[in-house]
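Trainee: Handing you this structure, nothing more for now.
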Amino acid sequence: MYRFLLTPRWWGINLFVLLSIPFCIALGSWQLGRFEDRVQSHRTASEQVLETGRGAPRPLDEMLPVTKATFGKPVTATGRYGRQLLVPDRRLDDRLGFYVLTLLRTDSGEALPVVRGWLPGAAGAAKAPAPPRGEVTVTGALQASETPGDNGVSARGGLPEGQTATISAASLVNLVSYDVYDAWVTLAEGDAGMKAVPVAAPPNSGLDLKAFQNLGYTAEWFAFVGFVIFMWFRLLRHEIELARDMELGLVPDEEEPVTVETRAE
């Protein structure tokens, strides 16, 4: 009854099943691992935000480039404030306002973007307090360059003179004549009465749509394993029933062709 399993057709079916099951399990496990990595990254990022400001600040150059390990850590930098820019359309405490961003010219020749604070309302140069003069040492939380469209960062262009939509070296080098660090700092305490800007979570560390896509793909791959096994048993059952019917002679013979007689008149 089971001799049909030795036919070339069933050799092909069995080989497909034996290869597809571990393949689907491997891909499902990989997608699940990606989801777990994102969950762990989100947990680590949340812990880093809670630990912001803790520990002794370290020199800026020792903490670069910005990584998930150094993101949000307190750093210090010394220099002189240069050009001041405004970053509009930034929310704080459910209110719309703008950041006051001032470039700190360091001895290395590069400028460090420093967010000195946040002010409510529409961005206006007259509202922003002037930066301190002379050499200053700032202490704040290290942040990575922003990407338009991420974490509510605006991607719109055509801003007035003296404003920038994103805080990143790529955008700031077009506004100043000197090099800019690929990082920025938000002061622990707002300068000149402004509100301090809290540390954001590191990029690509939240439970975003991609994380739940990984979880969905995991379910799909494991569901496909069940589907392959179900179809294999269904084909097997069909072949067994067909073999039994043949042994019992229950398989209907082919119908004889019907002939139509014609009579000559």
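The values are calculated or read from the model by the stated rules, or taken from the named source; none is laboratory data. Note that this is a predicted model, so its numbers are computed, not measured. Cβ atoms come from the backbone with ideal geometry, glycine included; neighbour counts cover every protein chain shown. Only protein heavy atoms, including side chains, enter the accessible area calculation; ligands, DNA and RNA are left aside. Shrake-Rupley method; radii C 1.70, N 1.55, O 1.52, S 1.80 Å.
Trainee: Look through the stretch 1-17, keep the residues that are exposed (fewer than 12 other Cβ atoms within 10 Å of the Cβ) and not basic (K, R), and return whichever of them is modelled with the lowest pLDDT.
Mentor: Within the stretch 1-17, the match that is modelled with the lowest pLDDT is M1.
Trainee: Might you let me know whether the stretch 206-216 holds any residue that is at pLDDT 85 or above, open to solvent by less than 60 Å² (accessible area, probe 1.4 Å) and in a helix (DSSP H, G or I)?
Mentor: Checking the stretch 206-216: at least one residue is at pLDDT 85 or above, open to solvent by less than 60 Å² (accessible area, probe 1.4 Å) and in a helix (DSSP H, G or I).
Trainee: Also, I was wondering about something else. So, of the residues in the stretch 39-75 that are among the aliphatic types (A, V, I, L, M), under 20 Å from the mean Cα position of the chain (by Cα) and assigned to a helix (DSSP H, G or I), which turns out to be modelled with the lowest pLDDT?
Mentor: Once the filter is applied, the top-ranked residue is V49.
Trainee: Can you pull out every residue in the stretch 170-195 that is of a type in the set (A, V, I, L, M) and in a loop (DSSP other than H, G, I, E, B)?
Mentor: V173, L175, V176, A183, A188, M194
Trainee: Provide a single number: the residues in the stretch 19-35 that are at pLDDT below 90 and loosely packed, with under 13 Cβ neighbours inside 10 Å.
Mentor: Residues in the stretch 19-35 being at pLDDT below 90 and loosely packed, with under 13 Cβ neighbours inside 10 Å: 1 in total.
Trainee: Write out, first by first residue and then by second, each pair whose Cβ atoms fall under 7 Å of each other, whose residues are 6+ apart or on separate chains, and whose first residue, in the stretch 223-235, is within 18 Å of G28 (Cβ to Cβ) while the second is open to solvent by less than 100 Å² (accessible area, probe 1.4 Å) and of a type outside the set (V, I, T).
Mentor: F224/C24; V225/C24; V228/S20
Trainee: Among the listed residues L96, L103, L112, L85, which satisfies the condition of being in contact with a strand residue (DSSP E or B) (Cβ under 9 Å, 6 or more places away or on another chain), at pLDDT 90 or above and open to solvent by 30 Å² or more (accessible area, probe 1.4 Å)?
Mentor: Within the list L96, L103, L112, L85, the selection yields L96.
Trainee: Can you tell me which residue within the stretch 162-196, out of those that are acidic (D, E) and more than 27 Å from the chain's Cα centre (by Cα), is surrounded by the most Cβ atoms within 10 Å (Cβ to Cβ)?
Mentor: Filtering the stretch 162-196 for residues that are acidic (D, E) and more than 27 Å from the chain's Cα centre (by Cα), the one surrounded by the most Cβ atoms within 10 Å (Cβ to Cβ) comes out as D191.
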